[in-house]
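Read through the structure below, which is laid out as structure tokens, and then see the notes.
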Amino acid sequence: MTDLNWQFESWQAFWQMAGHGPYVWAAVAITALVMAVLVLVPLRRRKQLLNEIRKEQLRARRRSQAGYSG
Amino acid sequence: MAWQWFHRWGSPRWFYQRSGAWLPWLSLSAALLLLVGTVWGLALAPADFKQGNSYRIIYLHVPASFLALAGYYLMAIAGAVGLIWKMKLAYIAMRCAATIGAALTFVALFTGAVWGKPTWGTYWVWDARITSMLVLLFLYLGVIALYQAFDRQEVGSKAAALLGLVGTVNVPIIYKSVDWWYTLHQPASLKLTGESTLHSSMLYPLLVMVVGFYLFYAVALLLSMRAEVIARESSSGWVKALAAADDDTERN
């Protein structure tokens, strides 16, 4: 097994990665963004679809009630 | 008897209920592995003696590329199952896998480009591996486009499944491209058979990330299939009951 040591002396050094920071962090940012979208979009879509179906059911109920009274 | 599980798998309702039970566990383990793998790879693994810190992109680039390729097989097989058994759920899986595959292929190309700049001095080169990955992206986009190109859903699904099947010839080409045309992209450092060329201190976090990405893929696929099932089955009784019963829509 290998030793696990923190490879950077400071947060500053971690951020800069000896000059490779922009490349590494750009890769991290885009990957995280795409993965978040892949999870959040279908979650929201399912919620919206179920909401629409429920609204349609409420509308139908109101229509049938209005039919009886008037 | 033996066919019973197969028919149940074809039932959108059964799928929706089962996947709802699996998702919390899958999501939790995916998040945990991705967190551990990212911290390990970015901060704890040693820097590469030749490439320095830019090599850390491997912890995103390799898992994303693996899933872009494995996801293509999954999509093609789902399309074939749809063609042969006319299974609606299989076409739903194919369509959802196409979006996720295209997104992960984009991630593989992007992370490769920002890795290429400090390593090769260029963001892009028409190397065999990179070009065949670009073809993979276009195949995914082609499947999505064909699926939506027809008025009748059934025709679109069949056309997309056929394109997906024809496109599978590209996948072994991608795998072998680094050996057949040895140009710029380095050969595989992770091997199923034989020694990996990575030192264990770099290999273990990579394996954690690969497993994490596989679990993430499962989560993303199930989530988008569940939404698609609701969209397609919106007029069926069980979906109506689900919408009516579920005020916060958070439960199954």
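The values are calculated or read from the model by the stated rules, or taken from the named source; none is laboratory data. Because the structure is a prediction, the values reported are computed rather than measured. A quick note on method: Cβ atoms are made from the backbone with ideal geometry, for glycine too, and the neighbour counts reach across all protein chains shown.
Of all residues being touching a residue at least 60 places away in the same chain (Cβ under 8 Å) and either more than 22 Å from B:ASP127 (Cβ to Cβ) or not aromatic (Phe, Trp, Tyr) (or both) in segment B:137-152, which is surrounded by the fewest Cβ atoms within 10 Å (Cβ to Cβ)? Just the residue, please.
B:LEU139
Of all residues in segment A:18-27, count the ones that are modelled with pLDDT under 90 and among the hydrophobic types (A, V, I, L, M, F, W, C).
Of the residues in segment A:18-27, 1 are modelled with pLDDT under 90 and among the hydrophobic types (A, V, I, L, M, F, W, C).
Go through the residues of segment A:4-25 one by one and say whether even a single one is under 17 Å from the mean Cα position of the chain (by Cα) and either farther than 28 Å from B:SER201 by Cα or assigned to a helix (DSSP H, G or I) (or both).
Within segment A:4-25, none of the residues are under 17 Å from the mean Cα position of the chain (by Cα) and either farther than 28 Å from B:SER201 by Cα or assigned to a helix (DSSP H, G or I) (or both).
B:ALA128 passes all but one of (1) closer than 30 Å to B:GLY10 by Cβ; (2) at pLDDT below 95; which number fails?
Failing condition for B:ALA128: (1).
Among residues belonging to segment B:36-61 that are among the aliphatic types (A, V, I, L, M) and within 19 Å of the chain's Cα centre (by Cα), point out the one that is surrounded by the fewest Cβ atoms within 10 Å (Cβ to Cβ).
Top of the filtered list is B:ILE58.
Being of a type in the set (Ser, Thr, Tyr) and facing another protein chain (nearest Cβ under 8 Å) is the filter; apply it to segment A:5-41 and report the residue that is nearest to B:TRP120 (Cα to Cα).
Among those that are of a type in the set (Ser, Thr, Tyr) and facing another protein chain (nearest Cβ under 8 Å), it is A:TYR23.
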